[in-house]
Structures are given as C-alpha cells and as structure tokens.
1. What are the extents of the Cα atoms of the chain along their three principal axes, in Å, largest first?
2. At 1.4 Å probe size, with every protein chain present, just tell me what the per residue accessible area of segment 80-145 comes to in Å².
3. Under 8 Å for C-alpha pairs, at least 6 residues apart: give me the relative contact order for segment 70-145, rounded to a whole percent.
4. To the nearest 10 degrees, how steeply does helix 112-123 sit against the main Cα axis of the chain, on a 0 to 90 scale?
5. Picking from 21, 72, 52, whose Cα lies most toward the positive end of the charge dipole for the chain (charges on Cβ: Lys, Arg +1; Asp, Glu -1)?
6. What percent does the relative contact order of the chain come to when contacts are Cα pairs within less than 8 Å and at least six residues apart?
Amino acid sequence: MITDALADLGLKTDDITDVVLSHHHPDNILNVGLFGQARIHDHQAIYRGHDWTSRDAEGYEFSPSLRLIATPGHSAEDITLLAGTAEGVVAFAGDLWWRADGPADDPVTIDRDVLRASRERVLAVADVIVPGHGAPFTPTATTPR
C-alpha cells in the first residue's frame, strides 16, 4: 500500500527524505525500513543509517511550517508533527487518537491525565487531525479529550 501510494505520486521510497515515528509501538514502526535514504525522527534523536544525532523533539523545526511537539500519553515518547498549510494547521498525531472517536479511554495509555493534556495541546492549534488508525478529521466539541 505504501509503495503503491508513493508510485501514484511519482515517487519511490528512496525519494523520501524524512520519516517521523510518532512512537515506538510495532504497528507504527514496522515499515520504517522501506525508507533507507531517509532521516528517521523520533522523540529523542534523528537517525540516518548508522548516524544518530541526539535532540529533543519538542520544538524541532524541519522548516518554518513543519515542527515537532512532544505529546506523551499513549506512550511516554509520543510526538506530533504540526504542518502549517494554506488551509490551516494539520496535526499528524499518531495514537493520541486512533480515530476521530478516540477511543476516549485509550486502553494502553501510560497516564490518562497526561494523554488528556496532550490532546488539549493539539486541539488548541490543529484545524485537522490525522490520527494513527483512521481518516483525518476536523476536531469538534465531541472530539475525545
């Protein structure tokens, strides 16, 4: 699915320069090896091949319109990529929400209060949220907190 979607855009996996891992659960990192030329970003470092550059993800900017923020709660190392677009801010939020409807009570959260605070942080800036396992959605008053 990944390589076909890239091919539809005229791209190959080696064309991808950067990959963001929202956290280290297997379902979120399984295909990272497809992108052998990319820099891999997580909560604490940038990896490329055998090179490792330590850095905190909080506030890391790829460009003035792309930055990472720490959003722990589903796991201790969760991060969110914020993308400023002409239509507003898109938050690639990993598993802070699995889908638009939550789950409201994440069954694997490390801390419900931390998860809630991270969700509120994203909701304060995002016009669109891309969850870890569902379609992008526009947050509303009924979006799980």
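The values are calculated or read from the model by the stated rules, or taken from the named source; none is laboratory data. Note that the coordinates shown come from a computational prediction; the quantities given were computed from them, not determined experimentally. Here Cβ is always computed from backbone atoms with ideal geometry, including for glycine, and neighbour counts include all displayed protein chains. Ligands, DNA and RNA are stripped out before the accessible areas are found, and what is left, the full protein with its side chains, is counted by its heavy atoms. Shrake-Rupley method; radii C 1.70, N 1.55, O 1.52, S 1.80 Å.
1. 40, 32, 30 Å, listed from the longest principal axis down.
2. Working: 3240 Å² over 66 residues.
With the other protein chains kept in place, segment 80-145 gives 49 Å² per residue.
3. Working: 144 pairs, mean separation 27.6, N = 76.
Relative contact order of segment 70-145: 36 percent.
4. Long axis of 112-123 versus the principal axis of the chain: about 70 degrees.
5. Going by the charge dipole, the pick is 72.
6. Working: 273 pairs, mean separation 24.2, N = 145.
Taking the mean separation of contacting Cα pairs over the length of the chain, I get 17 percent.
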